[in-house]
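Below is one structure, written out as structure tokens, with a few remarks after it.
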Amino acid sequence: MERTLVLLKPDALQRGLIGRILARFEEKGLKLVGLKLRQFPRATFEAHYAVHKERPFYPKLVQYMTSGPVVALVLEGKDAIEVVRKLVGKTNSRQAEPGTIRGDFGMSFSNNLVHASDGADSAKLELSLFFPNADEIAPWTPATLGWLYNVEEELR
Ligand code: CMP
């Protein structure tokens, strides 16, 4: 099982889309093991978006992410990083496929509702930034696990 970090950005909160976006992940079968609503400090986003530091959109990006509360999620599942990235869709919401979260709910490149870790290394780093303490993660066993996955093939 793999874990990934998802951020529901200030535009998702302002537009009243938190419940509907969260439902997409739940309905897919991803397990929610971490959840918090918080206005995170600027330093958290400077670390989170350090790879974009030299890009022209970086100052506006940090300003936007610190403009209000963000919902941070930890989702768990088989190949969770790739599965979540596919559900979220392309970065530019106008180009994101219908059926994806950005494709269905957004029109913007920058205000694109959701962030999702793009690989194993970034997931590890981002999880440690937004969920630094082990007791912020709540492991549990879904009663549906044996129906979500084929136990013989996928849960060995
Ligand atoms: P995210 O998946 O959180 O990763 C980096 C973020 O920077 C991205 O979503 C957008 O919110 C923003 N972003 C990336 N590229 C651009 C761009 N060309 N113009 C404006 N914002 C961008």
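The values are calculated or read from the model by the stated rules, or taken from the named source; none is laboratory data. Nothing here was measured: the structure is a model prediction, and the numbers come from that model. Here the Cβ positions follow ideal geometry from the backbone for every residue, glycine too, while neighbour counts run over all protein chains shown. Please note that ligands, DNA and RNA were not included when accessible areas were found on the heavy atoms of the full protein model with its side chains. Shrake-Rupley method; radii C 1.70, N 1.55, O 1.52, S 1.80 Å.
Of note:
- Working from label points 7 Å from Cα in the Cα-to-Cβ sense, the GLU26 to LYS78 distance is 2.3 nm.
- Ignoring lysines fewer than eight residues from LYS124 along the same chain, the ones with Cα atoms less than 20 angstrom from its Cα are LYS9, LYS31, LYS36, LYS53, LYS78, LYS86.
- Against the chain, whose longest principal axis is taken from its Cα atoms, helix 18-28 shows a tilt of about 30°.
- Built amide H within the under 5 Å cut-off of LEU5, gap 5+: SER117
- Loop-located chymotrypsin sites (Phe, Trp or Tyr not before Pro) in the stretch 47-156 whose Cβ has at most 11 other Cβ within 10 Å (DSSP): TRP140
- Of the residues LYS124, LYS36, ranked by 1.4 Å probe accessible area with the largest first, the sequence reads LYS124, LYS36.
- DSSP-assigned coil residues among GluC sites (Glu not before Pro) in the stretch 19-61, each with at most 13 further Cβ atoms within 10 Å: GLU54
- Along the stretch 39-56 the Karplus relation, 6.51 cos²θ - 1.76 cosθ + 1.60 evaluated at θ = phi - 60°, assigns HN-Hα couplings of 8, 6, x, 3, 4, 5, 6, 5, 6, 4, 9, 4, 5, 9, 3, 8, 6, x Hz to successive residues, with x for each Gly and Pro.
- Accessible area per residue in Å² at 1.4 Å probe, computed on the stretch 2-154: 56
- Relative to the longest principal axis of the Cα atoms of the chain, the long axis of helix 120-130 lies at roughly 70 degrees.
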